[in-house]
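Data block below; observations after.
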Amino acid sequence: MSEIKACVFDAYGTLFDLASAAARCPDVPEAARAPLSALWRDKQLQYTWLRALQGRYADFRQVTAEALDFALESLGLATPGRHGALMALFDTLRAFPEVPDMLRRLRAAGLKTAILSNGTPEMLASAIGSAGLEGLFDEVLSVHPLRTYKTDRRAYQYALDMLGLTAGEISFQSANGWDAHAAADFGMRVVWCNRYGQRPERLPGQPAHEIATLAALPAWLGLAP
């Protein structure tokens with residue numbers, strides 16, 4: 001892996017735990033938190049893909065809020081104040097526990113680190129700050145200036161342009177199978193962080209490696225313990 005010069009990470013579900021928003025909301029019944037998180041995420045992704053196909057861009061904060069409205073109403077959880085509370089918690093998602101040490105190890109080895117995300121710059125800055133990850137990224141790249149969403153190939157090209165690297169010099173990490181396949185099809189070296197034991201997608205592109213958590217990434221890159 002000596003040709004790898006940068007590690008680029010998807011944000012939501014990869015670095016930041018999406019379930020931590022509903023899990024920390026005392027206003028949501030405990031039994032409803034997992035179903036709410038799952039439906040909210042499903043609709044959030046569907047809205048990004050559909051808006052990209054329609055050419056009707058809205059930023060990720062609006063898409064996230066609209067997906068939450070759908071999920072709350074569908075599950076009979078829509079009450080005054082709940083939407084606002086959950087959106088505030090989404091802005092302060094927790095990082096998965098292995099993330100800070102993993103990033104420090106990559107940077108100590110001389111690798112660049114970056115985020116490539118659908119999130120707006122403001123959303124990403126808030127998540128990074130609340131998770132205590134300030135100073136651990138060379139670039140935080142939002143697709144917002146492109147007015148589209150992953151898996152549009154322009155999103156992956158944006159990372160190459162901003163980092164000044166070729167696709168083969170980037171190790172791209174995502175917990176989302178669709179994202180991992182799309183980045184691999186684009187030409188990046190891709191590590192699929194399959195946190196939840198999902199089956200492989202039937203999509204173009206093939207991730208180079210699969211891990212269960214990002215704790216395994218430094219070893220795969222050949223870094224010393």
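Against the list (1) open to solvent by less than 10 Å² (accessible area, probe 1.4 Å); (2) in contact (Cβ under 8 Å) with a residue 60 or more places away in the chain, the condition E169 fails is (1).
Can you tell me which residues in region 89-140 are charged (D, E, K, R) and over 15 Å from T14 (Cα atoms)?
Kept after step one, since they are charged (D, E, K, R), are these residues of region 89-140: 91, 94, 98, 101, 104-105, 107, 112, 122, 134, 138-139.
Once the filter is applied, which keeps residues that are charged (D, E, K, R) and over 15 Å from T14 (Cα atoms), region 89-140 yields D91, R104, R105, R107, K112, E122, E134, D138, E139.
When A125 is tested against the conditions (1) open to solvent by 60 Å² or more (accessible area, probe 1.4 Å); (2) more than 16 Å from the chain's Cα centre (by Cα); (3) at pLDDT 95 or above, the lone failure is (2).
Looking at region 177-205 only, could you name the residues that are part of a loop (DSSP other than H, G, I, E, B) and either of a type in the set (S, T, Y) or open to solvent by less than 20 Å² (accessible area, probe 1.4 Å) (or both)? Across region 177-205, the qualifying residues are M188, N194, Y196. There is at least one residue in region 168-187 that is over 21 Å from E3 (Cβ atoms) and polar (S, T, N, Q).
Which of the following residues is under 15 Å from the mean Cα position of the chain (by Cα) and assigned to a helix (DSSP H, G or I): R41, R33, R51? Spell out the reasoning first.
Working: R33 fails: under 15 Å from the mean Cα position of the chain (by Cα); R51 fails: under 15 Å from the mean Cα position of the chain (by Cα).
One residue alone meets the criteria, R41.
Tallying residues that are closer than 19 Å to E122 by Cβ and open to solvent by less than 40 Å² (accessible area, probe 1.4 Å) within region 21-56 yields 3.
I'm checking my understanding of the structure. Among residues of region 206-220 that are among the aliphatic types (A, V, I, L, M) and within 18 Å of the chain's Cα centre (by Cα), which one is surrounded by the most Cβ atoms within 10 Å (Cβ to Cβ)? Here the residue is L214. Would you confirm whether any residue within region 71-84 is among the aliphatic types (A, V, I, L, M), at pLDDT 95 or above and within 30 Å of H209 (Cβ to Cβ)? Within region 71-84, not a single residue is among the aliphatic types (A, V, I, L, M), at pLDDT 95 or above and within 30 Å of H209 (Cβ to Cβ).
If I filter region 59-100 down to residues being among the acidic types (D, E) and touching a residue at least 40 places away in the same chain (Cβ under 8 Å), which single residue comes out as least open to solvent (accessible area, probe 1.4 Å)?
Applying the first criterion (among the acidic types (D, E)) to region 59-100 yields 59, 66, 69, 73, 91, 98.
From what is left, the residues that are touching a residue at least 40 places away in the same chain (Cβ under 8 Å) are 59, 98.
Details: D59: 53, E98: 34 Å².
My answer is E98.
Given the structure, is D27 outside any loop (DSSP other than H, G, I, E, B) and acidic (D, E)? Write out each step before concluding.
Numbers: outside any loop (DSSP other than H, G, I, E, B): no; acidic (D, E): yes.
Judged against the criteria, D27 is not a match.
Report yes if S20 is touching a residue at least 60 places away in the same chain (Cβ under 8 Å) and outside any strand (DSSP E or B), otherwise no.
Details: touching a residue at least 60 places away in the same chain (Cβ under 8 Å): yes; outside any strand (DSSP E or B): yes.
So S20 fits the description; yes.
The values are calculated or read from the model by the stated rules, or taken from the named source; none is laboratory data. Note that this is a predicted model, so its numbers are computed, not measured. Note that each Cβ is placed from the backbone with ideal geometry, even for glycine, and that neighbours are counted across all protein chains shown. Note: accessible area is taken over every heavy atom of the protein model, side chains too, but ligands, DNA and RNA are not part of it. Shrake-Rupley method; radii C 1.70, N 1.55, O 1.52, S 1.80 Å.
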